[in-house]
Amino acid sequence: MDTAERLDLVTRHTEEVVTTEELEELFDDGTPSAYIGYAPTGEMHIGHFTTMRKLADFLDAGIDVTVLIADLHAHLDDEKSPFELLEYRSEYYQEAIEGMIEAAGSDPNDITFIRGMDYQLEEEYTLELYRMAAETTLSRAQRAASEVVRESESPNLGGVLYPLMQALDVKALEADIAYGGIDQRGIYMLGRELLPDHEWDAPVCVFAPLLSGLSGGKMSASDAGSKVNLTDSPAEIEEKLNGAYCPMGEREENGVLEYLEYLVFPVLTEQGESFVVERPDEYGGDLVYERYAELEADFLSEELHPADLKPAAAGAISTVIDPVRERLSDNDELLAAAYPETYGDS
RNA sequence: CCGCCCUUAGCUCAGACUGGUAGAGCAGCCGACUGUAGAUCGGCUUGCCCCCCGUUCAAAUCGGGGAGGGCGGACCA
């Protein structure tokens with residue numbers, strides 16, 4: 001595969017690449033490494049799946065991929081995960097992530113998994129973190145993390161260590177490429193400033209778009225109805241999609257379309273399948289799409305009505321998620337340990 | 001260690017001075033209207049009022065104790 005093809009694979013379905021030129025150089029030099037970190041906080045959902053799906057592109061482009069389960073980060077961010085639950089949630093994340101990668105058509109064994117605390121407590125790392133803390137102002141760190149760390153009237157120190165550690169992780173994991181949602185931009189831009197003073201090259205940054213939630217606006221972790229969880233049953237998925245914000249002919253903040261573009265179609269294409277919309281004869285009969293662009297065109301021209309699209313999308317999402325859901329429900333004791341509030345006891 | 005402030009619905013808060021058994025906005029839910037959803041109307045739900053003890057016929061409200069959180073406490077201004 002030549003550099004142009006690799007570039008194409010890595011940059012497709014992305015929100016931003018900083019910078020494409022640097023990425024090209026990495027490819028010319030050989031086999032770059034990339035990492036993406038997930039802080040094991042709330043349950044994983046379909047938004048995670050889209051970023052995970054993209055890891056297949058990284059692998060196909062001949063990149064060494066590392067997935068960081070950022071356990072310490074999950075606690076540093078306003079104690080989103082209680083310290084006692086970190087281990088369980090990390091296990092759950094790894095299980096879910098492997099399931100998603102497999103469902104996306106890649107092999108989890110091709111990816112290196114690592115836990116934050118496996119190396120973030122080492123002397124070398126800690127010392128360098130302190131040095132970064134000395135070099136960074138409070139407001140700079142807060143600004144960098146503002147889209148990621150929970151905001152509060154009385155922010156904890158953890159929230160400012162958070163972006164510094166994430167910047168340092170790039171070096172600690174020896175990554176050439178940092179991949180993450182566009183919300184991570186501030187942190188990695190800080191990283192690009194700091195790392196050259198710490199004997200490491202500024203990473204190339206690849207940012208995934210943040211998908212809209214089903215109720216319009218960005219997907220929100222706190223709004224259960226705005227996202228599809230990996231453990232949702234087909235019936236729940238259908239119900240959530242039916243309730244989704246989806247104005248006829250409009251693309252903006254339309255989570256239904258975005259799920260199709262970033263998750264369903266990439267996976268269907270990988271499996272060589274097409275997307276079928278069942279439609280009453282009264283409205284013209286069934287439709288079949290091979291590519292997302294065709295579907296979007298029909299939707300924008302109002303040929304494809306939301307009421308027909310929604311059930312079809314629900315079914316397709318359900319099918320894509322199915323192997324992950326199965327894997328997780330086989331492991332209900334892990335889910336209960338990781339999220340006792342939701343699945344505990346009973 | 002000392003001082004002051006805060007804690008009421010999922011969220012933001014009112015009510016406390018002048019005790020009478022809890023409210024608003026937002027969110028949520030349900031209907032109407034749309035071949036979906038939203039918007040718009042119409043309707044509805046929700047509470048260990050942080051905990052304990054006391055005063056009282058009666059405590060979210062008063063008194064005491066405790067917990068959690070916030071702010072402040074050299075000098076200079």
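The values are calculated or read from the model by the stated rules, or taken from the named source; none is laboratory data. All values derive from a computational prediction rather than experimental measurement. Here the Cβ positions follow ideal geometry from the backbone for every residue, glycine too, while neighbour counts run over all protein chains shown. Protein only, heavy atoms only, side chains kept; ligands, DNA and RNA dropped before computing areas. Shrake-Rupley method; radii C 1.70, N 1.55, O 1.52, S 1.80 Å.
Name the one entry in A:Asp197, A:Asp201 that is part of a loop (DSSP other than H, G, I, E, B), charged (D, E, K, R) and surrounded by fewer than 19 Cβ atoms within 10 Å (Cβ to Cβ). Give the steps one after another, and end with the answer.
Working: A:Asp197 fails: part of a loop (DSSP other than H, G, I, E, B).
Just one listed residue meets the conditions, A:Asp201.
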Inset, instruction - State all residues of segment A:299-314 that are assigned to a helix (DSSP H, G or I) and open to solvent by 40 Å² or more (accessible area, probe 1.4 Å); if no residue qualifies, say none. - result: A:Leu300, A:Ala307, A:Pro311
Inset, instruction - From the list A:Leu194, A:Leu214, pick out the single residue that is within 13 Å of RNA strand B (Cβ to nearest atom) and touching a residue at least 40 places away in the same chain (Cβ under 8 Å). - result: A:Leu214
Legend entry - Elements of type strands (runs of 3 or more DSSP E) contained in segment A:1-82, each with 3 or more residues being under 18 Å from A:Ala96 (Cβ atoms) and not assigned by TED's automatic domain parsing to the domain that holds A:Leu230: A:33-38, A:64-69
Legend entry - Hey, A:Ser152 within 15 Å of RNA strand B (Cβ to nearest atom) and within 27 Å of A:Val65 (Cα to Cα) or not: no
Inset, instruction - Assess whether A:Ile114 counts as being of a type outside the set (Phe, Trp, Tyr), open to solvent by 20 Å² or more (accessible area, probe 1.4 Å) and closer than 30 Å to A:Arg327 by Cα. - result: yes
Legend entry - Residue among A:Glu238, A:Glu253, A:Glu261, A:Glu282 that alone is modelled with pLDDT under 95, under 30 Å from A:Leu335 (Cα atoms) and acidic (Asp, Glu): A:Glu238
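Mind counting the residues in segment A:267-281 that are open to solvent by 30 Å² or more (accessible area, probe 1.4 Å) and either part of a helix (DSSP H, G or I) or of a type in the set (D, E, K, R) (or both)? Lay out the reasoning, then the answer.
Here is the first cut: in segment A:267-281, the residues open to solvent by 30 Å² or more (accessible area, probe 1.4 Å) are A:269-274, A:276, A:278, A:280-281.
After this cut, where a residue has to be either part of a helix (DSSP H, G or I) or of a type in the set (D, E, K, R) (or both) as well, the list is A:269-270, A:273, A:278, A:281.
Counting residues in segment A:267-281 that are open to solvent by 30 Å² or more (accessible area, probe 1.4 Å) and either part of a helix (DSSP H, G or I) or of a type in the set (D, E, K, R) (or both) gives 5.
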Inset, instruction - Could you list, in sequence order, all residues of segment A:298-341 that are within 22 Å of A:Glu282 (Cβ to Cβ) and either free of Cβ contacts under 8 Å to residues at least 24 places away in the same chain or away from RNA strand B (no atom under 16 Å from the Cβ) (or both)? - result: A:Asp298, A:Glu303, A:Ala307
Legend entry - Number of the exception - A:Thr3 against (1) modelled with pLDDT of 95 or more; (2) in contact with a Phe, Trp or Tyr (Cβ under 6 Å, 6 or more places away or on another chain): (1)
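Conditions tested, residue by residue: (1) over 30 Å from A:Glu123 (Cβ atoms); (2) away from RNA strand B (no atom under 16 Å from the Cβ).
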position	(1), (2)
A:Gly180	no, yes
A:Pro209	yes, yes
A:Ala244	yes, no
A:Leu263	yes, yes
Legend entry - Tally of residues being farther than 16 Å from A:Ala34 by Cα and within 17 Å of the chain's Cα centre (by Cα) across segment A:146-181: 3
Inset, instruction - Look through A:Leu295, A:Leu268, A:Leu257 and report the one residue that is under 17 Å from A:Ala244 (Cα atoms) and aliphatic (A, V, I, L, M). - result: A:Leu257
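Of all residues in segment A:176-189, how many are closer than 20 Å to A:Arg53 by Cβ and either of a type in the set (A, V, I, L, M, F, W, C) or not assigned by TED's automatic domain parsing to the domain that holds A:Ala34 (or both)?
Going residue by residue through segment A:176-189, those that are closer than 20 Å to A:Arg53 by Cβ are A:177-184.
So of that shortlist, the ones also either of a type in the set (A, V, I, L, M, F, W, C) or not assigned by TED's automatic domain parsing to the domain that holds A:Ala34 (or both) come out as A:177-178, A:182.
Number satisfying all stated conditions: 3.
Among the candidates A:Phe83, A:Phe49, which residue alone is over 25 Å from A:Tyr259 (Cβ atoms) and at pLDDT below 95?
Values: A:Phe49 fails: over 25 Å from A:Tyr259 (Cβ atoms).
A:Phe83 is the lone residue from the list that is over 25 Å from A:Tyr259 (Cβ atoms) and at pLDDT below 95.
Every residue, every condition in (1) within 20 Å of A:Glu16 (Cβ to Cβ); (2) assigned by TED's automatic domain parsing to the domain that holds A:Leu335; (3) crowded, with 20+ Cβ neighbours inside 10 Å, yes or no:
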site: A:Gly191; (1), (2), (3): yes, no, yes
site: A:Ser233; (1), (2), (3): no, yes, no
site: A:Glu253; (1), (2), (3): yes, yes, no
site: A:Phe265; (1), (2), (3): no, yes, yes
site: A:Tyr283; (1), (2), (3): no, yes, no
Legend entry - Every residue from segment A:166-179 that is within 17 Å of A:Asp118 (Cα to Cα) and open to solvent by 10 Å² or more (accessible area, probe 1.4 Å): A:Gln166, A:Lys171, A:Ala172, A:Leu173, A:Glu174
Inset, instruction - Filter segment A:285-297 down to residues that are in a loop (DSSP other than H, G, I, E, B) and touching a residue at least 12 places away in the same chain (Cβ under 8 Å) and give me whichever is farthest from the chain's Cα centre (by Cα). - result: A:Glu290
